[in-house]
Amino acid sequence: MKTALFIVGSLRAKSFNRQLACEAEALLSPRVKVAWLDFHDVPFMNQDVENPVPAAVAKVRETVLAADGLWFFTPEYNYSYPGLLKNLLDWLSRPRDPADRNSPSVLSGKKCAVSGVGGRNATADCRRKLADLLAFVGMKQLRDHEVGLAVAPTSWTTDDLALDEAGRAALAAQTSAFADFIEA
Ligand SMILES: Cc1cc2nc3c(=O)[nH]c(=O)nc-3n(C[C@H](O)[C@H](O)[C@H](O)COP(=O)(O)O)c2cc1C
């Protein structure tokens, strides 16, 4: 069985994106083993402390390397992806061999998918910019299936994502395509 690593771009306890990831895990887990990346202790990128690599960074790099595919679930912050994700990807994008600046990173050639829940824009700008970044760092993104959802007006007060039928169907289609993608 292949393994998928879920990466949530929000630290909020009741994050809609984490709720979406939970729904995706339920759909995906019969076919693919799901793990969640814990990266709360990854420091801000600082080249002064890059080598030797901080323990928290070494751990997330190993976890990413071992996964067959990554799935990002991310809110849109100010027309883009959150700084939290950019910082993580900056660390992960560095060469695995610090003595060889041309050596691949743990992201090189790694398959990934993106979904996002946000305001009325349904994270469209975040996902567009994230796709550029993922391509730049050498990842292979599943582009035909990308779920972007706008939070239902009532959900802002209940904190419950409350996926509707269309959202659930889109997520099911993306889940199936992602499983095919990483199993290929
Ligand atoms: C700093 C900041 C900037 C935001 N900018 C946007 C934005 O540009 N577009 C948007 O749709 N929502 C924006 N939002 C709203 C978030 O998308 C919304 O709160 C979302 O629910 C956060 O995801 P989460 O529930 O997974 O934490 C912003 C929120 C924050 C905190």
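For Ser29, all conditions in the list (1) away from the ligand (no atom under 16 Å from the Cβ); (2) open to solvent by 20 Å² or more (accessible area, probe 1.4 Å); (3) touching a Phe, Trp or Tyr at 6+ places or on another chain (Cβ under 8 Å) hold save one; what is the number of the exception?
Failed condition: (3).
Considering every residue within region 34-56, establish whether at least one is under 22 Å from Arg168 (Cβ atoms), open to solvent by less than 80 Å² (accessible area, probe 1.4 Å) and within 16 Å of the ligand (Cβ to nearest atom).
Going residue by residue through region 34-56, those that are under 22 Å from Arg168 (Cβ atoms) are 34, 36.
Of the ones still in play, those that are also open to solvent by less than 80 Å² (accessible area, probe 1.4 Å) are 34.
If we keep only those that are within 16 Å of the ligand (Cβ to nearest atom) too, we end up with none.
Scanning region 34-56, I find no residue that is under 22 Å from Arg168 (Cβ atoms), open to solvent by less than 80 Å² (accessible area, probe 1.4 Å) and within 16 Å of the ligand (Cβ to nearest atom), so the answer is no.
I need the full set of residues from region 62-81 which are in contact with a helix residue (DSSP H, G or I) (Cβ under 8 Å, 6 or more places away or on another chain) and either open to solvent by 30 Å² or more (accessible area, probe 1.4 Å) or within 12 Å of Ile7 (Cβ to Cβ) (or both), in order please.
Val64, Asp68, Gly69, Leu70, Trp71, Phe72, Phe73, Thr74, Glu76, Tyr77, Tyr79, Tyr81
More than 16 Å from the ligand (Cβ to nearest atom), surrounded by fewer than 20 Cβ atoms within 10 Å (Cβ to Cβ) and more than 15 Å from the chain's Cα centre (by Cα) - does that describe any residue in region 3-23?
no
Give the residue that is farthest from the chain's Cα centre (by Cα), with candidates limited to residues of region 30-75 that are small (Gly, Ala, Ser) and over 15 Å from Trp91 (Cα atoms). Steps first, answer last, please.
Here is the first cut: in region 30-75, the residues small (Gly, Ala, Ser) are 35, 55-56, 58, 66-67, 69.
Pick out the ones that are also over 15 Å from Trp91 (Cα atoms) and you get 35, 66-67, 69.
Working: Ala35: 12, Ala66: 15, Ala67: 12, Gly69: 10 Å.
Only one residue fits best here, namely Ala66.
The values are calculated or read from the model by the stated rules, or taken from the named source; none is laboratory data. Just so we're clear, the structure is a prediction, and the values are computed from it rather than from any experiment. We place every Cβ from the backbone using ideal geometry, glycine too, and count neighbours over all the protein chains shown. The accessibility values were calculated without ligands, DNA or RNA, using every heavy atom of the protein model including side chains. Shrake-Rupley method; radii C 1.70, N 1.55, O 1.52, S 1.80 Å.
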